[in-house]
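Read the structure below first, then the notes.
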Amino acid sequence: MTLTRGVIIGVLFAAVACTGEPSPAVPASEVVRLWFHPIPEGVLGPEFAANPRPGKYEIDLRFVRDAIPDPLPEPSHKFPDECGYGMGVVIWLESGERLEYGTCDYPANFPGLGEAVREAYRDHWPKHVRWTPD
């Protein structure tokens, strides 16, 4: 490997390395979409959206917004085999950024969200579509 190539690889590695500083807190008000998915696989969970699209089986986010932690917790980035299997949560922000929370994060870092989801599902999910909440 040439010296130039080694320097370029070193610079790239340094540029993407974690600085150890915490990420800035993300307020829950920036959440525009929230989706539950099974880990590793199974029946897909409901999707909540700030602006539900007609015909897309989405529930209005306002029904669960108060149960979303503010600020949002930092995702743990652990694999399911480290924490077990269950439901994961994907959150989209106004900026387009996507945060993924696995079974190490949910339900532990989202107290009350599971109950809010069950209520929203019971009261607002189309009755002809089956989904079994965690």
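When the stretch 53-63 is limited to residues that are more than 14 Å from the chain's Cα centre (by Cα) and buried (at least 17 other Cβ atoms within 10 Å of the Cβ), the one that is modelled with the lowest pLDDT turns out to be Glu58.
Hey, can you tell me all the residues within the stretch 85-109 that are outside any strand (DSSP E or B), closer than 17 Å to Val32 by Cβ and under 13 Å from the mean Cα position of the chain (by Cα)?
The answer is Gly96, Glu97.
Taken over the stretch 79-99, the criterion of being modelled with pLDDT of 90 or more and among the acidic types (Asp, Glu) is satisfied by Glu94, Glu97.
A search for C-beta distances below 7 Å between a residue of the stretch 86-113 that is in contact (Cβ under 8 Å) with a residue 24 or more places away in the chain and over 11 Å from Pro73 (Cβ atoms) and any residue that is in a strand (DSSP E or B) and charged (D, E, K, R), counting only pairs 6+ apart in sequence or on different chains, returns Gly88/Glu100; Val90/Arg98; Val90/Glu100; Trp92/Arg33; Trp92/Arg98. Out of everything in the stretch 110-134 that is of a type in the set (A, V, I, L, M, F, W, C) and assigned to a loop (DSSP other than H, G, I, E, B), what residue ends up being modelled with the highest pLDDT? Per the stated criteria, the residue is Phe110.
Would you pick out the residues in the stretch 25-54 that are under 18 Å from Ala120 (Cα atoms), of a type in the set (D, E, K, R) and touching a strand residue (DSSP E or B) at 6+ places or on another chain (Cβ under 8 Å)? The answer is Arg33, Glu47.
The values are calculated or read from the model by the stated rules, or taken from the named source; none is laboratory data. Note that the structure is predicted; figures quoted are calculated from it, not measured. Every residue, glycine as well, gets a Cβ built from its backbone with ideal geometry; the counts of neighbours run over all protein chains shown.
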